[in-house]
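Here's the structure, in structure tokens; my notes come after.
The values are calculated or read from the model by the stated rules, or taken from the named source; none is laboratory data. Owing to the predicted nature of the structure, the values given are computational and were not obtained by experimental measurement. Using ideal geometry, Cβ is built from the backbone for each residue, glycine included, and neighbour counts are taken over all protein chains shown. Just so you know, the surface numbers come from the protein's heavy atoms only, side chains and all, with ligands and any DNA or RNA stripped out. Shrake-Rupley method; radii C 1.70, N 1.55, O 1.52, S 1.80 Å.
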Amino acid sequence: MNYIFDRGIMRWFDHLFEKHTNTFLIDNFICNMYDRARPVDKSDILPLATKKYKDDSVISLAKKESSFWTISFLLSSKYVYELRENVHPYFGHYIYENISVYNNDDVYSFVNKYLLDILNYMVDYIYYPEEDDYYIDYRDEFINTCSDMDYGERVLVTEDIYMYIISEDQLNFIDKSERFNLELRFDSRGGQELMDAILDLSRSILLKTR
């Protein structure tokens, strides 16, 4: 069984620009956008150290009435500027539909890749033919890695993703470039476990493709 990130959700991120807001509520989800300052390196000097562009922007998505997970990713200041300039000043929608988060294949592929890489590292989906159904279970490699880690320690778990155990109730995953972050949380005192967060994430923003 395969999963992909629901591309329709990317339309929600466009509402942040078209509605000139930093917070947008839809159904049971909340989208946020905020600036994240970053060090300026030589590659930034020409395109970014000018009057037009500010700091990179972070887009985050979470459930409004749940704290199981939050995903966040960075959009470059140059790209954010292009999106804002594409919003019609009077009608409040994009002038050119191709200049949008929804239509940006690079942004979609970026978010989709890291979400699936992380989930595929953590769990397996096992098919039982006698029941004609799939069951989800932790991968041995993930369990072994967690058992050897201390709180606050980071470990490279894929080619370019680090895992942090923040506490007994929270795991964070972040890519090497620090442009993507997934937080998984649960309330062990309330009888929750990590699998509850994984299942909620899967059911909320992923689509089955087979």
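Points worth noting:
- The single condition from (1) closer than 18 Å to LEU201 by Cβ; (2) at pLDDT 95 or above; (3) exposed (fewer than 15 other Cβ atoms within 10 Å of the Cβ) that TYR135 fails is (2).
- Every residue from segment 105-117 that is touching a residue at least 24 places away in the same chain (Cβ under 8 Å) and either farther than 12 Å from ARG179 by Cβ or in contact with a Leu (Cβ under 8 Å, 6 or more places away or on another chain) (or both): VAL107, TYR108, ASN112, TYR114, LEU115, LEU116, ASP117
- Close Cβ contacts (under 7 Å, 6 or more residues apart or on different chains) running from residues in segment 80-92 that are touching a residue at least 24 places away in the same chain (Cβ under 8 Å) to residues that are assigned to a helix (DSSP H, G or I) and surrounded by 11 or more Cβ atoms within 10 Å (Cβ to Cβ) comprise LEU83/PHE17; ARG84/PHE17; VAL87/PHE17; VAL87/GLU18; GLY92/GLU18.
To keep it simple, each residue is scored yes or no on (1) hydroxyl-bearing (Ser, Thr, Tyr); (2) more than 26 Å from ARG7 (Cβ to Cβ).
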| position | (1), (2) |
| --- | --- |
| ILE126 | no, yes |
| TYR151 | yes, yes |
| GLY191 | no, yes |
| ILE198 | no, no |
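- In the set (1) under 22 Å from SER60 (Cα atoms); (2) of a type outside the set (Asp, Glu); (3) touching a Lys or Arg at 6+ places or on another chain (Cβ under 7 Å), the condition left unmet by VAL123 is number (1).
- Of all residues in segment 142-169, those that are more than 21 Å from GLU193 (Cβ to Cβ) have Cβ atoms under 6 Å from Cβ atoms of residues that are open to solvent by less than 50 Å² (accessible area, probe 1.4 Å) and part of a strand (DSSP E or B), 6 or more apart or on another chain, in ARG154/TYR162; LEU156/TYR162; ASP160/ASP175; ILE161/PHE173; ILE161/ASP175; TYR162/ILE174.
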